[in-house]
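Peer 1: Here's a structure for you.
Read the figures in this text as sums done on the coordinates, not as results from a lab. Since the structure is predicted, the reported quantities are computational estimates derived from the model, not experimental observations. Every residue, glycine among them, receives a Cβ derived from its backbone with ideal geometry; neighbour counts consider all protein chains shown.
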Amino acid sequence: MPRRTRIALTSDTCLFSPVQMHPASILRVGMAALASCIGTQLTEWRALKLEHRTTVVIIGVTLTYLRDFGFFSASHINVDAGLTTRRGGRFLELECVLGPADDPFAVLTVLNRPVTLSGTEALDGTPGSLDSVLLARFDADEHDESPVARPVIDATKALETGGELIDKGTMSFTVSRADCEIADQWQNVRLPDWLSMGRERMVFAAADPRVKTGLRVPMTRLYAEYRRPMYLGDEGILATRAYATAGTVSFVHELRTVTSGAPEGVCAVAVEEFATGGQP
Amino acid sequence: MKIVLSGALVRFADYTKEVEVEATTVTEGLEFLTARYPDLKTVLLDGDGRVRRTHQLFLNGEQVERGAYPLGAAPVSCANPDTLFVLTAVAGG
């Protein structure tokens, strides 16, 4: 059986909104679980960088809320996590189950890409694979050769073909050091907050009342794909489209850099889904 | 020419994101830049004076082929108001 890491987190009010545990809080817990799993299954993360010139960056996130769970639901949050290697070390996948083992309230899947570091103080690197030494530290049942899914692409296509476009908006932002990790590169856990800011601007300006679903009810799913990092001082723009289907209102986000001189390109795409209980 | 640095590099250039340089080629621009900010030199260039594979150069939005920008290689011309962007592929984690 694949190895699992268990963490018990004391609940505090900042982890939650009035309707659910913040997606960013769950991603932050996921980062702690990732560090713990790397330490248990591979080596301490510092040693991964210093001795193996390797690190990992998040390239995809799928968060599914299974049931209502708020601050008053429990005093502690149990986290059960495990790390598997995908496609011969080209990817690492973290699965994180939150809540009681017999009744979890959320499942987070985080797809990571190993990065080979150049060895400079900038911690600059290129996408790579785990070397044979690291790969051998995974148990036999922690290797998964199945194709890697890209749910955000599938979800976006389904909404574009089967949903009704009900609103769209844009928001500008600048990446500050508080948004970054040790290399002055954006923290992937900050993405849900930027998505939320863009969505909320649309809610408060909405002509179509269905857009308010984006604040009125808990999120049911978040899919995100990180394509190109942003860095300290980079300027970005978040473009958001809201779609309604028979049972959901969803927000499709595209985040681009608009930093002077930078090549054009999408840095991240994401879909947030909110269930309307069958009301169109 | 203006050189714009990736945010991963600005701490090696005294938190300067945009640098005006006097240069007629990309190579001259990089020499000017790394002379002004010596800490940036070891981060941006390898031991042979080549821009590390972890960074990419874009002149007015067009990628400069890697073979064209080691110091001392065939020059890539530039002039005002050109912008050279130094992009760090990925970092940290």
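Peer 1: Quickly work out the A:Ile237-to-A:Arg150 label distance, labels modelled 7 Å from Cα along the C-beta direction, and quote it in nm with one decimal.
Peer 2: Label-label distance for A:Arg150 and A:Ile237, simple model: 2.4 nm.
Peer 1: While we're on this one: Taking the dipole about the Cα centre of chain B, with the C-beta of Lys and Arg at +1 and of Asp and Glu at -1, give me whichever of B:Val64, B:Gly7, B:Ala35 is farthest to the positive side.
Peer 2: The residue sitting farthest along the positive end of the dipole is B:Gly7.
Peer 1: Further question on the same structure: Would you please give the residues with an amide H less than 5 Å from that of A:Val56, counting only those at least 5 places away or on a separate chain, with H modeled from the backbone geometry?
Peer 2: A:Val115
Peer 1: Now for a separate question. Put a dot 7 Å past each Cα toward the Cβ at A:Asp131 and A:Cys14; how far apart are the dots in nm?
Peer 2: So the label points at A:Cys14 and A:Asp131 sit 3.9 nm apart.
Peer 1: Right, something else. Give me a comma-separated list of calculated 3J(HN,Hα) values for the range A:40-53, in order, Karplus coefficients 6.51, -1.76, 1.60 applied at θ = phi - 60°, integers in Hz, x for any Gly or Pro.
Peer 2: Here the 3J(HN,Hα) series is 7, 9, 10, 6, 4, 4, 4, 5, 4, 6, 6, 9, 10, 6 Hz.
Peer 1: Please list, or write none, the lysines whose alpha carbon is within less than 21 Å of the alpha carbon of B:Lys2, excluding same-chain residues fewer than 8 places away.
Peer 2: List returned: B:Lys17, B:Lys41.
Peer 1: Show me, for the range A:135-149, the HN-Hα J-couplings you get by feeding each phi into the Karplus relation (A = 6.51, B = -1.76, C = 1.60, θ = phi - 60°), rounded to Hz, glycine and proline as x.
Peer 2: 3J(HN,Hα) across the range A:135-149, in whole Hz: 4, 5, 7, 7, 5, 4, 8, 9, 9, 10, 9, 5, x, 8, 7.
Peer 1: How big is the Cα convex hull of the range A:5-144 in projection, averaged over all directions, in nm²?
Peer 2: 8.9 nm²
Peer 1: Right, next: Could you point to the residue in A:Thr116, A:Gly89, B:Cys78 farthest towards the positive end of the protein assembly as shown's charge dipole, with +1 and -1 charges on the Cβ of Lys/Arg and Asp/Glu respectively?
Peer 2: A:Gly89
Peer 1: For A:Lys212, go through the lysines and keep the ones whose alpha-carbon is under 21 Å away, minus same-chain ones fewer than eight residues off.
Peer 2: A:Lys168
Peer 1: Give me the distance between the Cα centres of the range A:123-171 and the range A:191-210, rounded to whole Å.
Peer 2: Spelled out, the Cα-based centre of one part sits 25 Å from the other.
Peer 1: With a/c under 1.5 counting as rounded, go ahead and sort the protein assembly as shown into rounded, prolate or oblate using the C-alpha gyration tensor (a ≥ b ≥ c being the square roots of the eigenvalues; past the cut-off, prolate if a/b is larger than b/c, else oblate).
Peer 2: oblate
Peer 1: Find how much the distance from A:Asp103 to A:Glu264 grows on full extension, using 0.36 nm per residue of separation minus their present alpha carbon separation; answer in nm with one decimal.
Peer 2: Length gained, A:Asp103 through A:Glu264: 53.5 nm.
Peer 1: Dipole size in debye (nearest 20) for the protein assembly as shown around its Cα centre, Lys and Arg Cβ +1, Asp and Glu Cβ -1?
Peer 2: That gives a dipole near 340 debye.
Peer 1: To continue, here is another question. Using modelled backbone amide H atoms (1.01 Å from N, in-plane), which distant-in-sequence or interchain residues come within less than 5 Å of B:Gln63's amide H?
Peer 2: Here the answer is none, since no amide H 5 or more places off falls under 5 Å of that of B:Gln63.
Peer 1: Turning to a different aspect of this structure: Could you give me the ³J(HN,Hα) list for the range A:192-209, computed from phi with Karplus coefficients 6.51, -1.76, 1.60 and θ = phi - 60°, whole Hz, x at Gly and Pro?
Peer 2: In residue order, the calculated couplings are x, 5, 5, 4, 4, 4, x, 5, 5, 4, 5, 4, 6, 9, 5, 8, 9, x Hz.
Peer 1: With an 8 Å cut-off on Cα pairs and a minimum separation of 6 or more residues, tell me the relative contact order of chain A in percent.
Peer 2: So the answer I get is 18 percent.
Peer 1: Counting partner chain Cβ atoms within 10 Å of every residue's Cβ in A:183-196, what's the average?
Peer 2: For this peptide, the per-residue mean of nearby foreign Cβ atoms is 2.
Peer 1: A further question follows. Most mobile of A:Gly60, A:Gly214, A:Gly39 per a Gaussian network model of chain A (Cα springs, under 10 Å)?
Peer 2: The residue with the greatest mean-square fluctuation here is A:Gly39.
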